[in-house]
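Worksheet: the structure to be examined is printed underneath.
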Amino acid sequence: MLITLDSDWQGPAWPGPHCLVLQPGQAVPGGEGLRLFRFLEETRSPLRVIREVVLRAARFRQLGDGAFLFAADAVPPEELAALLERCEDAPHTAEMTQDDAGQIARLVLGADVLGNPLFLPFFRNLAEAEKQDAEAVFEQLRFHLVPWDEEEAGW
């Protein structure tokens with residue numbers, strides 16, 4: 001699944017559904033193959049956007065079962081291909097980058113994370129997402145949804 005805020009998304013294919021999130025007053029692009037999610041009130045919180053789109057897509061059985069990417073802006077094609085390859089090589093991938101304001105700029109999750117039975121409950125229980133600290137939420141996501149590596153955990 002791909003979720004983007006970039007209405008000019010021109011990147012190469014990403015597996016699963018492609019979702020474009022529109023803010024109030026934003027024009028609908030002419031591109032094909034995008035599922036549109038229009039917010040009725042403006043939100044500056046990528047966490048809220050991710051939560052709402054994931055839960056809505058799951059409700060209509062459109063979540064997909066491959067890698068997951070949220071990108072606030074366009075991703076260069078070579079970088080996108082590298083992200084997808086990393087997700088295919090390591091399906092438990094969980095990576096996040098933040099913008100200067102501390103908001104999520106990019107969130108990449110492998111298929112094993114998306115397929116974890118706790119994935120949807122994690123986002124359902126993410127109350128008041130716009131008030132949450134992105135880094136703290138990401139650490140909780142990693143703790144609950146990513147298989148623990150014995151070496152990394154120090155066992």
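What do you reckon, is R106 loosely packed, with under 13 Cβ neighbours inside 10 Å, closer than 30 Å to G25 by Cα and without any contact (Cβ under 8 Å) to a residue 60 or more places away in the chain?
Considered against the rule, which asks whether it is loosely packed, with under 13 Cβ neighbours inside 10 Å, closer than 30 Å to G25 by Cα and without any contact (Cβ under 8 Å) to a residue 60 or more places away in the chain, R106 comes out as no.
Hey, any hits in the range 25-40 for a residue that's touching a Phe, Trp or Tyr at 6+ places or on another chain (Cβ under 6 Å) and within 25 Å of E135 (Cα to Cα)? Spell out the reasoning first.
Applying the first criterion (touching a Phe, Trp or Tyr at 6+ places or on another chain (Cβ under 6 Å)) to the range 25-40 yields none.
No, that holds for no residue.
State whether the residues of the range 121-131 include one that is more than 23 Å from D6 (Cβ to Cβ), of a type outside the set (D, E, K, R), modelled with pLDDT of 90 or more and in a helix (DSSP H, G or I).
yes
Name the single residue, out of those in the range 70-85 being under 16 Å from the mean Cα position of the chain (by Cα) and part of a loop (DSSP other than H, G, I, E, B), that is modelled with the highest pLDDT.
Selected residue: A72.
Out of A101, A105, A129, I need the residue that is in contact with a helix residue (DSSP H, G or I) (Cβ under 7 Å, 6 or more places away or on another chain) and either of a type in the set (G, A, S) or at positive phi (or both). Which one?
Details: A101 fails: in contact with a helix residue (DSSP H, G or I) (Cβ under 7 Å, 6 or more places away or on another chain); A105 fails: in contact with a helix residue (DSSP H, G or I) (Cβ under 7 Å, 6 or more places away or on another chain).
On inspection, the qualifying residue turns out to be A129.
Only one residue in R51, R44 is closer than 25 Å to R142 by Cα and either part of a loop (DSSP other than H, G, I, E, B) or touching an Asp or Glu at 6+ places or on another chain (Cβ under 7 Å) (or both). Which one?
Values: R51 fails: either part of a loop (DSSP other than H, G, I, E, B) or touching an Asp or Glu at 6+ places or on another chain (Cβ under 7 Å) (or both).
Sole residue among the options that is closer than 25 Å to R142 by Cα and either part of a loop (DSSP other than H, G, I, E, B) or touching an Asp or Glu at 6+ places or on another chain (Cβ under 7 Å) (or both): R44.
Look at E88 and say whether it is over 15 Å from the mean Cα position of the chain (by Cα), free of Cβ contacts under 8 Å to residues at least 60 places away in the same chain and not in a loop (DSSP other than H, G, I, E, B).
Numbers: over 15 Å from the mean Cα position of the chain (by Cα): yes; free of Cβ contacts under 8 Å to residues at least 60 places away in the same chain: yes; not in a loop (DSSP other than H, G, I, E, B): yes.
Yes, satisfied.
The values are calculated or read from the model by the stated rules, or taken from the named source; none is laboratory data. All figures in this text were calculated on a predicted structure; none of them were measured in a lab. Quick reminder, even Gly has a Cβ in these numbers, built from the backbone with ideal geometry, and neighbours come from all protein chains shown.
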